[in-house]
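Structure first, commentary second.
The values are calculated or read from the model by the stated rules, or taken from the named source; none is laboratory data. Just so we're clear, the structure is a prediction, and the values are computed from it rather than from any experiment. No Cβ is skipped: glycine too gets one built from the backbone with ideal geometry, and neighbour counts run over all protein chains shown.
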Amino acid sequence: MRIKFHRVERKEEPTFRANTQIRVPEVFLIDENNEAIGVIPTEEAVKRALDAELDLVEVNPKANPPVVKIVNLGQLKYEREKQAHKQKMQQKKVETKNIRLTFRISPHDQEMRLSQAAKFLAEDNKIKVELILRGREKQYPQKAAEIIRGFATKLQATPDLNIEVEQPLTNQGGRFTIILINKK
C-alpha cells in the first residue's frame, strides 16, 4: 500500500539576524530613538546596542549596506506577530456553498433550492450549482443544461441581489456545474 504525504505550505515568517549573526563589515544604523546614525562598522553598532542593553537587529538585509536597528528583539517579534494576526482576522473568508439539482426536480424543491441559494448569496458566499446525470439521463445533456440555466436566470431575477456568473456552465462527464456570485 502506498502512503501519501500531503505537503502543507507554511509561510516563512521573517527571521531576524541579531547581534553577532550580522556578518557584514558595515551597516546603516538606526538607534533606539529612531534616529538615523549613518554607516558605521558592525562591531561599533553591536557595542552601542549592548551599551543600551538592547539588541542590534537587521531590519532590511537587502539594502546596501544593510539597515540595522537597536531594539528589543523579543518585543519586535511580538509586535510583528500581533500585526500579522490582526491582518489575518480582517480577511474575509468566502465559502463556496453547493446546491445540487436533479434531472427530475419538482417545482417545490426547485423553489426551496432557490431560497437557499439566495440566502447563501446574501451572506456573500459563492454558490456552485451542480446537476449530475445518471443512467439514461445522460442521453439528454441539453435538458440538463436548460435546467441549470433556468435555475440561474430565476436566481438572477431575485430582487436585492446582483448575481453574476463567475464560472460559466461546464460539463464534465455528465456533471454540469456553474458558479454564481453576488456582486455589490
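Residues checked against (1) touching a Phe, Trp or Tyr at 6+ places or on another chain (Cβ under 6 Å); (2) modelled with pLDDT of 85 or more; (3) assigned to a loop (DSSP other than H, G, I, E, B):
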| position | (1), (2), (3) |
| --- | --- |
| Val8 | no, no, yes |
| Phe16 | no, no, yes |
| Arg23 | no, no, yes |
| Gly38 | no, yes, no |
| Glu44 | no, yes, no |
| Lys47 | no, yes, no |
| Pro65 | yes, yes, yes |
| Val68 | no, yes, no |
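Being in contact with a strand residue (DSSP E or B) (Cβ under 6 Å, 6 or more places away or on another chain) and under 16 Å from Val27 (Cβ atoms) narrows it down to one residue among Asn64, Asn60; which is it?
The match here is Asn60.
Would you call Phe103 buried (at least 16 other Cβ atoms within 10 Å of the Cβ), assigned to a loop (DSSP other than H, G, I, E, B) and of a type outside the set (D, E, K, R)?
Numbers: buried (at least 16 other Cβ atoms within 10 Å of the Cβ): yes; assigned to a loop (DSSP other than H, G, I, E, B): yes; of a type outside the set (D, E, K, R): yes.
For Phe103, the condition - buried (at least 16 other Cβ atoms within 10 Å of the Cβ), assigned to a loop (DSSP other than H, G, I, E, B) and of a type outside the set (D, E, K, R) - is met.
Using the structure shown, decide if Ile181 is among the aliphatic types (A, V, I, L, M), in contact (Cβ under 8 Å) with a residue 60 or more places away in the chain and not in a helix (DSSP H, G or I). It would help to see each step written out before you state the result.
Numbers: among the aliphatic types (A, V, I, L, M): yes; in contact (Cβ under 8 Å) with a residue 60 or more places away in the chain: yes; not in a helix (DSSP H, G or I): yes.
Yes.
Restricting attention to region 49-63, which residues are free of Cβ contacts under 8 Å to residues at least 12 places away in the same chain, touching a Phe, Trp or Tyr at 6+ places or on another chain (Cβ under 9 Å) and over 14 Å from Phe16 (Cβ atoms)?
none
For Lys88, state whether it is part of a helix (DSSP H, G or I), out of contact with any strand residue (DSSP E or B) (no Cβ under 6 Å at 6 or more places or on another chain) and either surrounded by 15 or more Cβ atoms within 10 Å (Cβ to Cβ) or at pLDDT below 90 (or both).
Values: part of a helix (DSSP H, G or I): yes; out of contact with any strand residue (DSSP E or B) (no Cβ under 6 Å at 6 or more places or on another chain): yes; either surrounded by 15 or more Cβ atoms within 10 Å (Cβ to Cβ) or at pLDDT below 90 (or both): yes.
For Lys88, the condition - part of a helix (DSSP H, G or I), out of contact with any strand residue (DSSP E or B) (no Cβ under 6 Å at 6 or more places or on another chain) and either surrounded by 15 or more Cβ atoms within 10 Å (Cβ to Cβ) or at pLDDT below 90 (or both) - is met.
Each row is one residue, and each column tells you yes or no for (1) among the aromatic types (Phe, Trp, Tyr); (2) in contact with a helix residue (DSSP H, G or I) (Cβ under 7 Å, 6 or more places away or on another chain); (3) outside the structural domain of Ile132 (by TED's automatic domain parsing).
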residue	(1), (2), (3)
Glu53	no, no, yes
Glu58	no, no, yes
Asn64	no, no, yes
Lys69	no, no, yes
Gly74	no, no, yes
Tyr78	yes, no, yes
Lys82	no, no, yes
Met112	no, no, no
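Scanning region 106-122 for residues that are of a type in the set (Gly, Ala, Ser) and part of a helix (DSSP H, G or I), which turns out surrounded by the most Cβ atoms within 10 Å (Cβ to Cβ)? Give the derivation first.
Here is the first cut: in region 106-122, the residues of a type in the set (Gly, Ala, Ser) are 106, 115, 117-118, 122.
Filter once more, so that each one left must be part of a helix (DSSP H, G or I): 115, 117-118, 122.
Details: Ser115: 11, Ala117: 23, Ala118: 19, Ala122: 12.
Going through the qualifying residues, I end up with Ala117.
Inside region 122-153, can you point out the residues that are of a type in the set (D, E, K, R) and either without any contact (Cβ under 8 Å) to a residue 40 or more places away in the chain or in contact with a helix residue (DSSP H, G or I) (Cβ under 6 Å, 6 or more places away or on another chain) (or both)? Don't jump to the end; show me each part of the working.
First, the residues of region 122-153 that are of a type in the set (D, E, K, R): 123-124, 126, 128, 130, 134, 136-138, 143, 146, 149.
Selection gives Glu123, Arg136, Glu137, Lys138, Glu146, Arg149.
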